[in-house]
Structure formats: C-alpha cells, structure tokens
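The structure appears right after this line, and notes come after that.
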Amino acid sequence: MTDHENEIDTIRSLFNDLASGRQEYDFQLANLDSHAGDYANKPHRTRYYGRQVICGRIMILLASTRMTTQALLQTFLLGTYAKVPFAKLLPSRAQLELFSVIADLVRVIKDDAGAQEEKFAERVRKVNQALINATFGTRSSVLKGLLSEAELSRLRSAVSEDMDILSARNVLTRLDKLSKSGAYPECKQDYERLCEYVHPI
C-alpha cells in the first residue's frame, strides 16, 4: 500500500468512526449573548454561570464540530472515489478553516482556565465570548441584522457588544496564530494553496 493509500485509509477510518457514533443531539441552546459581565460583582453567580453555561457551550460546539467534520470527510471521500478534484479540495480548505477556529478557541480556554480568584469574572467573560464567536460568529450582514432585531436573551435587549461578539473573526488571522503557535507552522501556505486550487481562473 502506498503512502497516499495509507492516508486515504486513515481518513476513511476516521469517517467510519464518526459515522458510527451519535448522529443526533438534543441540547438546550444557550443564549447567543454573554451575561458573564453582568455577574462580575457576584462571585457565586459567576461561578455558577461558568460551570453551567461554559460547559454547555463547549458541548454544543463539540457536537457541531464533530458533525461538520463528518460531512467534510464524507465529501472528501466521495471526491476520491469519483475522482473529482474539487470535491476533495473544497472540504480540505473548509476543514483547515474549522481547525484554525478550534485551535484559537483552545488557546483562549487554556490561557484563561482555572478556578483561582484572580480575574475570575474577566476570564469567564473572555472564554464565554470566544465560545459564542466560534460557534455562532457570522460575516453575513443580513444575518447580523436579523440577530440585532431578535431576542437573544430574555434578560436584556441586544447591545452593540453582542453584535461584535457575533461577528466572525478573519480566518487568516486565526491561521496566522495557528502558524505562530508551532502546532502547524505551514498552515497558511497550505491554505493559500488550497484557495488557489479552488478559485476560478
């Protein structure tokens, strides 16, 4: 078996693992806005919020990321079997974008983790906002307009900071951070190459 065949076999095995796992999730969706700052002067409330909301957001992101990866792997494999290059290149680029988002989020969580008192409310706020952005962040002006008019929470009306949190970060910025972290130094070059392949001439 060639190296290429081994790599395809690894991808197929990962897809089979994901496809054989749970395919449906029933989560209570957390608010699309952050209330961590509202409890900055209420340590017990902040700790409860951190335990309940942060963990809930992580589970929702884990489930959605798992399903997205499964769909992208399936598309990649279909492209492999059918010998359709675009069906392999497009999901590869999308998976790299997803990886850069998750890597950036993991960095924020690690930097601000811990139950120590020092800046606890601020750290909860930062992690909460990063999770909202990674899960629901969008560049669509139409969608952001609808969100600004929607009831994001029953506790208060949406404010400009909520819309800032829901504005997707530039993927190139996230890729740059990933490259500098040393975890994947060549990620920007790989991404640019994939973009060149899939863009029309």
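The numbers here are math on the coordinates, done by the rules we state, and not lab data. Everything numeric here is computed off the predicted structure, so don't read it as measured data. Cβ coordinates were reconstructed from backbone atoms using ideal geometry, including for glycine residues, and neighbour counts include every protein chain displayed.
Summary of values
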| item | result |
| --- | --- |
| For the range 6-85, diffusion coefficient by Stokes-Einstein and Kirkwood Rh (Cα), 37 °C, 0.692 mPa s, µm²/s | 213 |
| Order of 112, 164, 3 under a 10 Å beta carbon neighbour criterion, fewest first | 3, 164, 112 |
| Whole-number D in µm² s⁻¹ for the chain, Kirkwood Cα-pair radius fed into Stokes-Einstein, 37 °C, 0.692 mPa s | 173 |
| Cα-Cα separations in the range 24-138 greater than 22 Å, expressed as whole percent | 43 |
| Contour minus Cα-Cα distance for residue 78 and residue 172 (0.36 nm per residue) | 31.1 nm |
| Mean ellipticity per residue at 222 nm, deg cm²/dmol - from DSSP H runs of n ≥ 4 across the chain, formula -39500 (n - 2.57) | -22000 deg cm²/dmol |
| When each of 83/177; 119/188; 83/180; 110/144; 42/177 is checked by Cα-Cα distance, pairs over 32 Å | 83/177; 119/188; 83/180; 42/177 |
| Normalised contact order of the chain, rounded percent, pairs of Cα under 8 Å and 6 or more residues apart | 24 |
| With at most 16 other Cβ atoms within 10 Å, longest stretch of the chain clear of loop trypsin sites (Lys or Arg not before Pro) (DSSP) | 23-82 |
| Longest segment of the chain lacking GluC sites (Glu not before Pro) that sit in a DSSP loop with at most 13 other Cβ atoms within 10 Å | 25-116 |
| Estimated vicinal HN-Hα couplings, Hz - the range 27-39 in sequence order (Karplus 6.51, -1.76, 1.60; Gly, Pro = x) | 9, 7, 5, 6, 4, 7, 10, 9, 10, 4, x, 5, 10 |
| 3J(HN,Hα) from dihedral phi, the range 174-181, Karplus parametrisation 6.51/-1.76/1.60, rounded to Hz, x for glycine, proline | 5, 5, 4, 5, 5, 4, 6, 5 |
| Convex hull volume per residue for the range 113-176, taking Cα atoms only, in Å³ | 114 |
| Ellipsoid equivalent to the range 71-111 - semi-axes via the Cα gyration tensor, in Å | 29, 8, 5 |
| Under 5 Å, built H, 5+ apart or other chain: amide partners of residue 138 | 167, 168 |
| Hydrodynamic radius (Kirkwood) for the range 60-128, which is based on Cα pairs only, to one decimal in Å | 14.1 |
| The range 44-56 - phi-based ³J(HN,Hα) in whole Hz, Karplus 6.51/-1.76/1.60, Gly and Pro as x | 5, 5, 5, 5, 5, 4, x, 5, 7, 6, 4, 4, x |
